[in-house]
Amino acid sequence: MATLKETLKQKIEEFRPRTTKLTKEFGKVIIDQVTIDQAIGGARDIRSLVTDISYLDPQEGIRFRGKTIPETFEALPKAPKSKYPTVESFWYFLLTGEVPTQAQVDGVVAEWKTRQVVPSYVWDALRALPRDSHPMVMLSVAMLALQKDSKFAAFYNSGKFNKMTAWESVYEDASDIVARIPIIAAFIYNLKYKGDKQIAIDPKLDMGANFAHMIGQSEEYKDVARMYFILHSDHESGNVSAHTTHLVHSALSDPYYAYSAGLNGLAGPLHGLANQEVLDWTIKFQEKYCKNVEPTKELITKALWDTLNAGQVVPGYGHAVLRKTDPRYMSQREFCLNTPGLKDDKLFKLVSMIFEVAPVVLTEHGKTKNPWPNVDAQSGVIQWYYGLKEWDFYTVLFGVGRALGCMANITWDRGLGYAIERPKSVTTAMLEKWAAEGGRKLS
Ligand code: CMX
């Protein structure tokens with residue numbers, strides 16, 4: 001049986017001529033235009049990135065390698081005694097676009113076991129940080145601490161660097177990162193919240209199950225971890241964490257530098273940190289408005305308006321691309337509805353009530369182009385239910401999942417030899433001139 005790396009090598013070599021032909025024969029074909037709005041407004045919607053790993057349609061939501069979330073969960077081999085696939089099978093699928101056989105999944109599980117030993121200097125670096133550092137700082141520091149052993153950096157410095165094979169050392173680093181990041185996340189969790197009482201890896205378990213084990217979680221949480229990491233993996237390449245990782249790696253900075261940077265972007269409240277903000281908002285809402293009364297739609301409406309009138313965003317709502325409820329939200333909601341106990345949980349009911357009210361309020365507010373919930377509006381409630389109440393840790397969970405997408409993407413970036421990223425700036429005076437002239441004259 002071919003290993004994942006051998007299969008990937010064949011895929012990349014078969015794919016390369018498509019990219020080469022497009023640039024050589026059709027390089028000047030126009031695919032988009034840029035308006036002043038887009039230049040000032042965060043490059044929204046400009047088609048200038050390429051990825052085949054996932055695609056985000058504004059109406060339909062994410063497809064991983066052409067499959068919707070339900071189709072992905074359905075197609076992939078399941079973890080033992082579970083309705084959910086292993087993260088390892090999903091990694092194989094993201095990298096190759098092929099649904100793996102059980103034997104291929106077992107191959108990845110075994111490969112990851114060989115990659116999971118984290119050097120002790122990473123633990124030393126984490127222990128040296130103030131305990132009240134944000135856990136995303138800790139995760140980002142751990143990535144940088146690992147950098148010295150980067151196989152890509154070693155290959156670059158070997159004097160034998162070769163553009164055609166460079167992806168192979170990116171694959172090695174990428175695989176080390178995805179195999180190790182849940183171990184590091186569990187260490188951070190135990191360091192920060194459990195008095196540094198660490199739990200050893202269970203070598204019998206797949207990635208999601210082992211993460212659950214290492215943070216002292218229940219049997220049921222194993223599926224939560226698998227689902228969570230898969231759902232948060234990839235959302236095409238324009239979002240801040242994926243784009244940053246791609247951008248930094250485009251300078252041939254190795255995957256550790258690149259993903260540390262990606263994590264720093266994920267830690268922003270408009271991006272991955274929104275999942276902690278949602279819990280913060282919801283708990284504060286209960287404390288402020290529902291001390292002696294049950295939550296009602298009227299109270300939620302008032303709290304939402306108070307937030308908006310204070311000039312703040314409603315966390316967990318809105319999206320730069322999506323124009324409907326995020327299917328990742330719906331997938332987690334379905335998990336809640338199908339889980340006895342969680343279905344009747346007070347916090348889940350409150351989040352469901354916010355789901356009924358917030359789109360109405362945001363529509364009336366009239367600013368956001370998308371009043372519907374995104375992934376972050378639903379994820380915290382599940383963690384909270386399973387006793388993971390330290391909500392500043394939630395973005396770390398996002399970061400563990402997002403590593404899969406970012407690492408698959410940069411492996412392919414190198415495989416296809418994508419260039420260093422370098423868009424062109426203009427000045428405000430230039431924009432004013434082109435505005436007065438009715439547009440820039442393209443000669
Ligand atoms: N609450 C209040 N106002 C919102 C809003 C929200 N949830 N979402 C958007 N808006 C506002 C924007 O701030 C913007 O206001 P200004 O014109 O005053 O600048 C206006 O509506 C238009 O924004 P938009 O085009 O609809 O949205 P953007 O593409 O600019 O931003 C996003 C997208 C996600 C950053 C924004 O919707 C937001 O801030 N949401 C809340 C934070 C959040 O949940 N982030 C997580 C996103 C998913 C993820 O990456 O993890």
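Details
- Where helices (runs of 4 or more DSSP H) sit wholly within segment 174-267, those with at least 3 residues that are over 20 Å from Arg328 (Cα atoms) occupy 207-214, 240-250, 255-266.
- Residue within segment 419-431 that is within 20 Å of Phe73 (Cβ to Cβ) and either open to solvent by less than 80 Å² (accessible area, probe 1.4 Å) or of a type outside the set (Val, Ile, Thr) (or both) present: no
- Against the test of being under 22 Å from the mean Cα position of the chain (by Cα) and farther than 30 Å from Ser250 by Cβ, the options Val381, Val400 yield a single qualifying residue, Val381.
- Condition check for Lys160: surrounded by fewer than 16 Cβ atoms within 10 Å (Cβ to Cβ) and touching a residue at least 12 places away in the same chain (Cβ under 8 Å): no
Table: residues versus (1) more than 26 Å from Thr68 (Cα to Cα); (2) touching a residue at least 12 places away in the same chain (Cβ under 8 Å); (3) among the aromatic types (Phe, Trp, Tyr).
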| position | (1), (2), (3) |
| --- | --- |
| Val321 | no, yes, no |
| Pro340 | no, no, no |
| Ser352 | no, yes, no |
| Glu356 | no, yes, no |
| Val361 | yes, yes, no |
| His365 | yes, yes, no |
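- Thr51 being surrounded by fewer than 17 Cβ atoms within 10 Å (Cβ to Cβ) and of a type outside the set (Phe, Trp, Tyr): no
- Options Ala153, Ala166; residue that is farther than 27 Å from Arg127 by Cβ, surrounded by fewer than 20 Cβ atoms within 10 Å (Cβ to Cβ) and touching a residue at least 12 places away in the same chain (Cβ under 8 Å): Ala166
- Against the numbered list (1) among the basic types (Lys, Arg); (2) in contact with a helix residue (DSSP H, G or I) (Cβ under 8 Å, 6 or more places away or on another chain); (3) within 28 Å of Glu172 (Cα to Cα), Lys78 comes up short only at (2).
- Only listed residue being over 22 Å from Leu350 (Cα atoms) and either of a type in the set (Lys, Arg) or surrounded by fewer than 17 Cβ atoms within 10 Å (Cβ to Cβ) (or both), chosen from Gly262, Gly268: Gly268
- Members of segment 213-240 found to be under 26 Å from Tyr385 (Cβ atoms) and within 15 Å of the ligand (Cβ to nearest atom), listed by number: Tyr228, Phe229, Leu231, His232, Ser233, Asp234, His235
- Taken together, Ala274, Ala261, Ala251 contain a single residue that is in contact with a helix residue (DSSP H, G or I) (Cβ under 8 Å, 6 or more places away or on another chain), under 22 Å from Asp176 (Cα atoms) and either at pLDDT 95 or above or acidic (Asp, Glu) (or both), which is Ala261.
- Those residues of segment 237-259 which are buried (at least 24 other Cβ atoms within 10 Å of the Cβ), of a type outside the set (Ser, Thr, Tyr) and within 18 Å of Asp376 (Cα to Cα), in sequence order: Ala242
- Residue check for Ala154: modelled with pLDDT of 95 or more, more than 13 Å from Val400 (Cβ to Cβ) and in a helix (DSSP H, G or I): yes
- Test: residue in segment 36-47 that is part of a loop (DSSP other than H, G, I, E, B), touching a helix residue (DSSP H, G or I) at 6+ places or on another chain (Cβ under 6 Å) and open to solvent by 50 Å² or more (accessible area, probe 1.4 Å): yes
- Residues in segment 271-283 that are away from the ligand (no atom under 11 Å from the Cβ) and surrounded by fewer than 21 Cβ atoms within 10 Å (Cβ to Cβ) were compared, and the one that is farthest from the chain's Cα centre (by Cα) is Ile283.
- Residue, most open to solvent (accessible area, probe 1.4 Å), within segment 363-380, restricted to residues that are under 16 Å from Asp326 (Cα atoms) and touching a Leu at 6+ places or on another chain (Cβ under 8 Å): Trp372
- Within segment 389-423, tally of residues that are part of a loop (DSSP other than H, G, I, E, B), farther than 28 Å from Lys349 by Cα, touching a residue at least 12 places away in the same chain (Cβ under 8 Å) and charged (D, E, K, R): 1
- The set of residues from segment 1-17 being open to solvent by 100 Å² or more (accessible area, probe 1.4 Å) and within 13 Å of Trp412 (Cα to Cα) comprises Gln10, Glu14.
The values are calculated or read from the model by the stated rules, or taken from the named source; none is laboratory data. Everything numeric in this text was worked out from a predicted model, so none of it was measured. No Cβ is skipped: glycine too gets one built from the backbone with ideal geometry, and neighbour counts run over all protein chains shown. With ligands, DNA and RNA removed, areas are computed over all heavy atoms of the protein, side chains included. Shrake-Rupley method; radii C 1.70, N 1.55, O 1.52, S 1.80 Å.
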